[in-house]
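Q: Sharing a structure below in structure tokens format, with a few things to ask.
The values are calculated or read from the model by the stated rules, or taken from the named source; none is laboratory data. This structure is a prediction, so every number in the text was calculated from the model and none was measured. Note: ideal-geometry Cβ built from the backbone for every residue, glycine included; neighbour counts use all protein chains shown.
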Amino acid sequence: MRNALRMSACAAVAALSISAGSISAQQSGPAYDASATQAEEYDREARSLLNERGEWGRAASLFEKAAKNRGDDPKAAEDWRMAGMMAHYVGKNDQAREALERSAEVALEWGNVELAANSLIEAAWIARIQGDGADTIELVRRAERLASSPLLERAERTALMSRLSEPQPPAAPGS
């Protein structure tokens, strides 16, 4: 009797598993990634604020949200970079450096050596402005190493080395 009950229970569980799997397979259509869609919306809104000086802090926050929502997406590196630059332009240099270094990490994960080096150069400029000599030297050293990568074209390498010799970051948009 016990064995019969166990077998009936196992059969019922198996039947439910099979029917649930087929229902799930029937309901699944094209994949929809709400996080990616939200990231695009944040990015679009942030870019619309770039020409409005009083909104750069908000743009920085939106770019950061976009980067976080992108998760494992190479576009996150550019969003982190923009978040860092906008934070710098509103005087939030600690936040700016953190975002720029994150941009470099994500860019390297995806093999974008040029973006990684540019992000490190910008983080180094900010470290210099903050009077952090040790971090400035380390960030420049890392950017120089990337700038000498064989993965870069000659023009990219030349542009990076030129940026490394500039004494300060470029002016904010509209300055």
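Q: So which of Ser149, Ser165 ends up being among the hydroxyl-bearing types (Ser, Thr, Tyr), out of contact with any strand residue (DSSP E or B) (no Cβ under 6 Å at 6 or more places or on another chain), surrounded by fewer than 18 Cβ atoms within 10 Å (Cβ to Cβ) and modelled with pLDDT of 95 or more? Outline the logic, then answer.
A: On the way: Ser165 fails: modelled with pLDDT of 95 or more.
Going through Ser149, Ser165 in turn, just one is among the hydroxyl-bearing types (Ser, Thr, Tyr), out of contact with any strand residue (DSSP E or B) (no Cβ under 6 Å at 6 or more places or on another chain), surrounded by fewer than 18 Cβ atoms within 10 Å (Cβ to Cβ) and modelled with pLDDT of 95 or more: Ser149.
Q: Name the helices (runs of 4 or more DSSP H) wholly inside region 96-175 in which the number of residues that are under 21 Å from Gly57 (Cβ atoms) is 3 or more.
A: Working: elements: 113-129, 133-147, 154-165.
Because the criterion is at least 3 residues that are under 21 Å from Gly57 (Cβ atoms), the helices (runs of 4 or more DSSP H) in region 96-175 that meet it are 113-129.
Q: Let me ask another. In this structure, is Ala76 under 22 Å from Val106 (Cα atoms), modelled with pLDDT of 50 or more and either surrounded by 21 or more Cβ atoms within 10 Å (Cβ to Cβ) or β-branched (Val, Ile, Thr) (or both)?
A: On the way: under 22 Å from Val106 (Cα atoms): yes; modelled with pLDDT of 50 or more: yes; either surrounded by 21 or more Cβ atoms within 10 Å (Cβ to Cβ) or β-branched (Val, Ile, Thr) (or both): yes.
Yes: the conditions hold for Ala76.
Q: When region 22-56 is examined, which residues are found to be at pLDDT 90 or above and either of a type in the set (Gly, Ala, Ser) or touching a Cys at 6+ places or on another chain (Cβ under 7 Å) (or both)?
A: Ala39, Ala46, Ser48, Gly54
Q: With Ala117, Ala96 as the choices, which residue is over 15 Å from Ala67 (Cα atoms), in contact with a helix residue (DSSP H, G or I) (Cβ under 8 Å, 6 or more places away or on another chain), buried (at least 24 other Cβ atoms within 10 Å of the Cβ) and at pLDDT 95 or above?
A: Working: Ala96 fails: over 15 Å from Ala67 (Cα atoms).
Residue meeting the stated conditions: Ala117.
Q: So if I check each of Gly133, Gly71, which one is within 20 Å of the chain's Cα centre (by Cα) and either surrounded by fewer than 19 Cβ atoms within 10 Å (Cβ to Cβ) or at pLDDT below 95 (or both)? Let's see the steps before the verdict.
A: On the way: Gly133 fails: within 20 Å of the chain's Cα centre (by Cα).
After applying the criteria, what remains is Gly71.
Q: Scan region 29-39 and tell me whether some residue there is of a type in the set (Asp, Glu), over 23 Å from Glu166 (Cα atoms), touching a residue at least 24 places away in the same chain (Cβ under 8 Å) and not in a helix (DSSP H, G or I).
A: no
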